[in-house]
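K.L.:
Mind looking over this structure? Questions follow.
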Amino acid sequence: DAGVIQSPRHEVTEMGQEVTLRCKPISGHNSLFWYRQTMMRGLELLIYFNNNVPIDDSGMPEDRFSAKMPNASFSTLKIQPSEPRDSAVYFCASSRQGAQETQYFGPGTRLLVL
Amino acid sequence: AQTVTQSQPEMSVQEAETVTLSCTYDTSESDYYLFWYKQPPSRQMILVIRQEAYKQQNATENRFSVNFQKAAKSFSLKISDSQLGDAAMYFCAYLHGSSNTGKLIFGQGTTLQVKP
């Protein structure tokens, strides 16, 4: 089976630009998670979807961040406008049947905002 | 709030030897899950092993095994017959059993170096 797919793998953009990160979960997985990894804060959960519905977005840092899951096989994380402090590795993960199942991570998107 | 602590920022092991990575956690809950993830230089987060807190038996996965001490809130990872490909950062993670958020709480990570 294909794992979690993320695109792009690397993104370099200038401050103020809109950034869109994409994720395709593992087929058959009902839950999707977006995480951010930085040196200062480690790995943090940004948002969790179950059956395409956002369940917990308390980790989204501010209104500049938004996430959508229009269908079971696709999710986006958008940053608008981007700032240098958003530079990080963004991971998407998916799992079966909800929050207690093992999460499988994608390869991540390394974002650099200049 | 739950916390996960990995007290060893860096560890090294000789190829073919055994190494143990430490992890402690703090929780007042009785139902939870613990994980070890591996992050090689590629940055991919790879699941190594999972342990359910209600299970007394320690989880094993080929050369990887855990020593789960529930009373001590300790969850160490043992890597036997270390290989060069085991070199990576290892993260211990906690998941509340009745959580409806799926929020994995990660430790700070331990970088493992494997010497040939």
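K.L.:
Working only within region A:90-104, note down all residues that are part of a strand (DSSP E or B) and either open to solvent by 10 Å² or more (accessible area, probe 1.4 Å) or β-branched (Val, Ile, Thr) (or both). Lay out the reasoning, then the answer.
P.N.:
The first filter runs over region A:90-104 and keeps only residues part of a strand (DSSP E or B), leaving A:90-95, A:104.
Hit for region A:90-104 is A:TYR104, nothing else.
K.L.:
Is it the case, given these coordinates, that A:GLU62 is modelled with pLDDT of 95 or more and not aliphatic (A, V, I, L, M)?
P.N.:
Numbers: modelled with pLDDT of 95 or more: no; not aliphatic (A, V, I, L, M): yes.
Spelling it out, it is not the case that A:GLU62 is modelled with pLDDT of 95 or more and not aliphatic (A, V, I, L, M).
K.L.:
Does region A:33-49 contain at least one residue that is surrounded by 15 or more Cβ atoms within 10 Å (Cβ to Cβ), out of contact with any Lys or Arg (no Cβ under 8 Å at 6 or more places or on another chain) and assigned to a loop (DSSP other than H, G, I, E, B)?
P.N.:
no
K.L.:
Still on this structure: Residues in region B:103-111: is at least one more than 15 Å from B:PHE35 (Cα to Cα), of a type outside the set (Asp, Glu) and either more than 14 Å from every other protein chain (Cβ to nearest Cβ) or buried (at least 18 other Cβ atoms within 10 Å of the Cβ) (or both)?
P.N.:
Taking region B:103-111 as the starting set, the residues that turn out to be more than 15 Å from B:PHE35 (Cα to Cα) are B:111.
Filter once more, keeping what is of a type outside the set (Asp, Glu): B:111.
Filter again for either more than 14 Å from every other protein chain (Cβ to nearest Cβ) or buried (at least 18 other Cβ atoms within 10 Å of the Cβ) (or both), leaving none.
No, region B:103-111 contains no residue that is more than 15 Å from B:PHE35 (Cα to Cα), of a type outside the set (Asp, Glu) and either more than 14 Å from every other protein chain (Cβ to nearest Cβ) or buried (at least 18 other Cβ atoms within 10 Å of the Cβ) (or both).
K.L.:
Pull out all pairs, ordered by first then second residue, where Cβ-Cβ is under 6 Å, the residues are six or more apart or on different chains, the first lies in region A:1-30 and is under 22 Å from A:SER95 (Cα atoms), and the second is small (Gly, Ala, Ser) and not in a strand (DSSP E or B).
P.N.:
A:VAL4/A:GLY106; A:GLN6/A:GLY106; A:LYS24/A:SER73
K.L.:
Moving on. I'd like the full set of residues that are assigned to a strand (DSSP E or B), more than 10 Å from chain B (Cβ to nearest Cβ) and either among the aliphatic types (A, V, I, L, M) or closer than 23 Å to B:LYS38 by Cα (or both), limited to region A:56-89.
P.N.:
A:ALA67, A:MET69, A:LEU77, A:ILE79, A:ALA88 - these are the residues of region A:56-89 that are assigned to a strand (DSSP E or B), more than 10 Å from chain B (Cβ to nearest Cβ) and either among the aliphatic types (A, V, I, L, M) or closer than 23 Å to B:LYS38 by Cα (or both).
K.L.:
Hey, any hits in region B:43-63 for a residue that's over 10 Å from the mean Cα position of the chain (by Cα) and in contact (Cβ under 8 Å) with a residue 60 or more places away in the chain? Step through it out loud before you land on a result.
P.N.:
In the first step, residues of region B:43-63 are kept if they are over 10 Å from the mean Cα position of the chain (by Cα); the result is B:43-46, B:52-63.
Those still in the list that are in contact (Cβ under 8 Å) with a residue 60 or more places away in the chain too: none.
There is no residue in region B:43-63 that is over 10 Å from the mean Cα position of the chain (by Cα) and in contact (Cβ under 8 Å) with a residue 60 or more places away in the chain.
The values are calculated or read from the model by the stated rules, or taken from the named source; none is laboratory data. Values in this document were obtained by computation on a predicted structure and should not be read as measured data. A quick note on method: Cβ atoms are made from the backbone with ideal geometry, for glycine too, and the neighbour counts reach across all protein chains shown. Accessible surface is based on the protein model in full, side chains and every heavy atom, while ligands, DNA and RNA are left aside. Shrake-Rupley method; radii C 1.70, N 1.55, O 1.52, S 1.80 Å.
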